[in-house]
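Take a look at the structure below.
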Amino acid sequence: MEIVDSRNVLQSIVKEFRLQGVSVGFVPTMGALHEGHLSLIRRSNKENEITIVSIFVNPTQFNDQDDYKRYPRIISDDIEKLKSINCDFLFTPSKEEMYPEEDKREFDFGNTDKVMEGAHRPGHFRGVALIVSKLFEIVSPHKAYFGEKDFQQVAVIKHLTKLLDLDIEIVPCPIIREKDGLAMSSRNILLSEDQRKNVSLISKTLFESVNMMKLLNLIETKEWVMRKINENPFLKVEYFEIVDSETLESVIEWTQSQNITGCIAVHVGNIRLIDNIRFYS
Ligand code: PAF
């Protein structure tokens, strides 16, 4: 695996590959790699001739500076994992390399960045769009892989590629879970032992809600999920929204003809976890 930290160097490497007709897969990450990331890389390896992974903890997408400082950074572990699954290139740019000057661009994503994460983390998706558009420009991949744990992020990035008219296929990949159901996330390593034992209630409740929806209407199901999780003293639901999977607009009653997803954010002490469940797809 080759490690590159210069955008110009990576850009010219990829240009050469593309001239030779080589297919390029890209997995952007913020590091602290887990099985979820590795599943994206395996899929990219399968579908492309070369795979490029980026690790960059992007300051512009954190609306909370403490969260930015706390975000796990374990680059030598990450490099070992990437080598073991045959990643071809790792891009590890510095802050100065990615933001040599302030990037003042604004984007219009319609409803997709206004609700849920967008409403609770002001500026988050603008920061994601800034960095992903820069990375796409440098890497110019044929396909880019994103985990569906960040369900809303996938919708925003699809919107971004349309908005910028980019010829990049966005490939959403299923959530990878721990044995007890917890959605894998880089933030999970920040959980204390007690918190870790309790957070499995989040996914358990989401799974159970798929049965509960047969007995309850949509509003009752929503209340049931929030009540059940909030009963646990370690957990505090920030939001649980049941939305149309494409537009992310709120849905108020069960409709089988519509794709419907439930998205949740939960505070566990000062750590914030998200997860989601498909009701109809
Ligand atoms: O999902 C993430 O890890 C980040 O939001 C991303 C897409 C790498 C942009 O910084």
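List the residue pairs whose Cβ atoms are under 6 Å apart, where the first residue sits in segment 242-253 and is open to solvent by less than 80 Å² (accessible area, probe 1.4 Å), the second is among the acidic types (Asp, Glu), and the two are 6 or more positions apart or on different chains.
Within 6 Å, the pairs are Val251/Asp244.
For (1) hydrophobic (A, V, I, L, M, F, W, C); (2) open to solvent by 10 Å² or more (accessible area, probe 1.4 Å); (3) out of contact with any Asp or Glu (no Cβ under 8 Å at 6 or more places or on another chain), each residue gets a yes or a no:
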position: Ile229; (1), (2), (3): yes, no, yes
position: Pro233; (1), (2), (3): no, yes, yes
position: Asn259; (1), (2), (3): no, yes, no
position: Ile264; (1), (2), (3): yes, no, no
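Consider Asp150 carefully, then state whether it is open to solvent by 40 Å² or more (accessible area, probe 1.4 Å), in contact (Cβ under 8 Å) with a residue 60 or more places away in the chain and under 15 Å from the mean Cα position of the chain (by Cα). Show your work before the answer.
Numbers: open to solvent by 40 Å² or more (accessible area, probe 1.4 Å): yes; in contact (Cβ under 8 Å) with a residue 60 or more places away in the chain: yes; under 15 Å from the mean Cα position of the chain (by Cα): yes.
In short, yes.
If Asp78 satisfies all but one of (1) in contact (Cβ under 8 Å) with a residue 40 or more places away in the chain; (2) touching a helix residue (DSSP H, G or I) at 6+ places or on another chain (Cβ under 8 Å), what's the number of the condition it fails?
The number of the failed condition is (2).
Can you go through Asn111, Asn63 and tell me which one is open to solvent by 20 Å² or more (accessible area, probe 1.4 Å), in contact with a Pro (Cβ under 9 Å, 6 or more places away or on another chain) and not aromatic (Phe, Trp, Tyr)?
Details: Asn111 fails: in contact with a Pro (Cβ under 9 Å, 6 or more places away or on another chain).
So the residue among Asn111, Asn63 that is open to solvent by 20 Å² or more (accessible area, probe 1.4 Å), in contact with a Pro (Cβ under 9 Å, 6 or more places away or on another chain) and not aromatic (Phe, Trp, Tyr) is Asn63.
Can you tell me which residue within segment 122-136, out of those that are within 9 Å of the ligand (Cβ to nearest atom) and closer than 22 Å to Leu38 by Cα, is nearest to the chain's Cα centre (by Cα)?
Among residues in segment 122-136 that are within 9 Å of the ligand (Cβ to nearest atom) and closer than 22 Å to Leu38 by Cα, the one nearest to the chain's Cα centre (by Cα) is Val128.
Listed here are the residues, each with its yes/no results for (1) under 19 Å from Ser44 (Cα atoms); (2) within 11 Å of the ligand (Cβ to nearest atom).
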{"site": "His120", "(1), (2)": "no, no"}
{"site": "Ile138", "(1), (2)": "yes, no"}
{"site": "His142", "(1), (2)": "yes, no"}
{"site": "Phe146", "(1), (2)": "yes, yes"}
{"site": "Val156", "(1), (2)": "no, yes"}
{"site": "Thr161", "(1), (2)": "yes, no"}
{"site": "Ile189", "(1), (2)": "no, no"}
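List the residue pairs whose Cβ atoms are under 6 Å apart, where the first residue sits in segment 265-281 and is modelled with pLDDT of 95 or more, the second is part of a strand (DSSP E or B) and open to solvent by 60 Å² or more (accessible area, probe 1.4 Å), and the two are 6 or more positions apart or on different chains.
His267/Lys236
Go through segment 66-106 and report how many residues are open to solvent by less than 50 Å² (accessible area, probe 1.4 Å) and either touching a Phe, Trp or Tyr at 6+ places or on another chain (Cβ under 8 Å) or aliphatic (A, V, I, L, M) (or both).
Counting residues in segment 66-106 that are open to solvent by less than 50 Å² (accessible area, probe 1.4 Å) and either touching a Phe, Trp or Tyr at 6+ places or on another chain (Cβ under 8 Å) or aliphatic (A, V, I, L, M) (or both) gives 10.
Can you pull out every residue in segment 2-40 that is among the aliphatic types (A, V, I, L, M) and closer than 19 Å to Arg73 by Cβ? Write out each step before concluding.
Just the residues of segment 2-40 that are among the aliphatic types (A, V, I, L, M), to begin with: 3-4, 9-10, 13-14, 19, 22, 24, 27, 30, 32-33, 38, 40.
Of everything in segment 2-40, those that are among the aliphatic types (A, V, I, L, M) and closer than 19 Å to Arg73 by Cβ turn out to be Ile3, Val4, Val27, Met30, Ala32, Leu33, Leu38.
Quickly run through segment 25-39 and pick out the residues that are among the hydrophobic types (A, V, I, L, M, F, W, C), open to solvent by 10 Å² or more (accessible area, probe 1.4 Å) and closer than 22 Å to Gln152 by Cβ. Give the steps one after another, and end with the answer.
First pass over segment 25-39, keeping only residues among the hydrophobic types (A, V, I, L, M, F, W, C): 26-27, 30, 32-33, 38.
Next, only the ones that are open to solvent by 10 Å² or more (accessible area, probe 1.4 Å) stay: 30, 38.
Of everything in segment 25-39, just one residue is among the hydrophobic types (A, V, I, L, M, F, W, C), open to solvent by 10 Å² or more (accessible area, probe 1.4 Å) and closer than 22 Å to Gln152 by Cβ, namely Met30.
Within segment 49-70, restricting attention to residues that are closer than 22 Å to Arg18 by Cβ and either among the aliphatic types (A, V, I, L, M) or touching a Gly at 6+ places or on another chain (Cβ under 7 Å) (or both), which residue is farthest from the ligand (Cβ to nearest atom)?
Per the criteria, the residue is Ile50.
The values are calculated or read from the model by the stated rules, or taken from the named source; none is laboratory data. Worth saying up front: this structure is predicted, and the values here are computed from it rather than measured. Reconstructed Cβ throughout: ideal geometry from the backbone, glycine too, with neighbour counts over all protein chains shown. Just the protein is used for accessible areas: all its heavy atoms, side chains included, with ligands, DNA and RNA removed. Shrake-Rupley method; radii C 1.70, N 1.55, O 1.52, S 1.80 Å.
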